[in-house]
Structures are given as structure tokens and as C-alpha cells.
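Just so you know, all these numbers are worked out from the coordinates, no wet-lab data involved. Since we're looking at a predicted model, the values are computed, not measured. Reconstructed Cβ throughout: ideal geometry from the backbone, glycine too, with neighbour counts over all protein chains shown.
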Amino acid sequence: MAILKIARMGHPVLRQRAETVADPTAPEMQRLIDDMIETMGDADGLGLAAPQVHVARRLVVFHRPGAAGEEDDDMPLVVLFNPEIEPLGEETSFGWEGCLSVPGMRGLVPRRERVLYRGLDREGRTLETEAGGMHARVVQHECDHLDGILFPMRMTDLSMLYFESELKHYRGAEPAEDEAPARAEAMA
Ligand code: NI
């Protein structure tokens, strides 16, 4: 396994549409999965998409937060090739996001509250899951990377794009309901 270099906003690989993977079980894909998992762990991230490690293929890995959005060391790891997302219902919600490719920044981003996602796991089997809350947010964030979209491009109010180190000023000025981003939420 290896820790891979993470592309940052401005690199062309983050702007393009990634290619479908024909065979998730191919040895080079298995190696890529393992390297992405190691890279994500090293960077203390909640999720990682292949374009973030300079590979323009449709593959994401992420930790699945619990139903209540809680984070702990036992979050299941999801490996997903060629994902498709279908919104469930009309509800959207705002939450703080960060990205390993946009280091040091946080933004308040609207996402669908509930989605159905499907794709292939690392054995090439079909995976289909309903997700809500933080789980749904992480999936949408990661899959956006496959279409060249970074979280600031989803924001509706760029005055809510912050340097992480300045968030304390926001927290001091606003009610507690918009809490500061949790660690994992901040890096995907
Ligand atoms: Ni990201």
C-alpha cells in the first residue's frame, strides 16, 4: 500500500468527468482501493474520490456515519464504483463541509437530505443503499468529485465560505444550531 498525493483545487483532474470502471476486481483497481483507504486514513478524511489522487475513474471510498450522524472509530467503510444517486423526496439541508482538495476551508453547503445510491463494491457486486443526513451528505460530496464538482461550486451563499481558522469568529457571533464542523465532516 502507499500514501498517494492529493490533488488540490485548480488541478485539471478535479474538473473533468471521471471514466466508468469496467472491472472493479482488476488488480490495479484493488491496489487503488487499498491506496485510497490508506491515503484517506493518513489525511484523517471521512471520504476520498479517485480524482483526488489524480486518477480520473469513477471510484469513491468513504466511512459511513451512523444514523444519527455520529462518528466513531467503527464506522463501516464503503467502496463504491460507478455510483449513481437518486434523490428521495424534496428536502434539502445545509451543513458544513470541507474537502481534502480544498485544504483549510469550510463552507455551508445545501444537499439532499435523503438519497438512494447504487454502484458496485470491490468484488463487483451491486450495492444499493438508502442514506440520510450526514451519510447522504458524504455520498453526494464524494460523487460530485467524479463529475468535476467541488463543494464551493454547490454553495448558494459564498459569504459562508470560511477559512477553518476563522470559524471561531462565526461561532461566537451566531446561535449554536450551526455548530462548527465535526472532524470527519470537515474532510471528504
Ligand atoms: Ni472532497
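Quick check: Cα centre of segment 105-149 to Cα centre of segment 9-65, how many Å?
13
What share of the DSSP beta bridges in the chain is antiparallel, in percent to the nearest 5?
Working: 30 of 31 bridges.
Counting only bridges with both partners in the chain, antiparallel ones make up about 95 percent.
Please arrange LEU4, LEU88 by counting, for each residue, the other beta carbons lying within 10 Å of its beta carbon, fewest first. The partial results should precede the final answer.
Values: LEU4 20, LEU88 15.
Arranged by neighbour count, lowest to highest, LEU4, LEU88 become LEU88, LEU4.
Counting only the backbone N, which residues of segment 101-118 are under 19 Å from the spot 7 Å out from the Cα of GLU164 toward its beta-carbon?
101-109
In what order do HIS145, HIS63, HIS169 fall by count of nearby beta-carbon atoms within 10 Å, going from fewest to most?
Listing HIS145, HIS63, HIS169 from fewest to most nearby Cβ atoms yields HIS169, HIS63, HIS145.
Arranged by the count of other C-beta atoms within 10 angstrom, fewest first, what order do LEU77, LEU158 take?
On the way: LEU77 14, LEU158 9.
So the residues, fewest neighbours to most, are LEU158, LEU77.
What angle, in degrees between 0 and 90 and rounded to the nearest 10, separates the Cα long axis of helix 133-145 from the longest principal axis of the Cα atoms of the chain?
Between the helix axis and the principal axis of the chain, the angle is about 60 degrees.
Over all directions, average the projected area of the Cα convex hull of the chain and note it in nm².
Values: hull surface 41.5 nm².
Projected over every direction and averaged, the Cα hull of the chain covers 10.4 nm².
Summing Lys, Arg as +1 and Asp, Glu as -1, what charge do residues with Cβ under 9 Å from the Cβ of CYS143 carry, CYS143 excluded? Each step should come with its number before you reach the end.
Working: positive: ARG58; negative: GLU84, GLU142, ASP144, ASP147.
After counting each charged neighbour, the total is -3.
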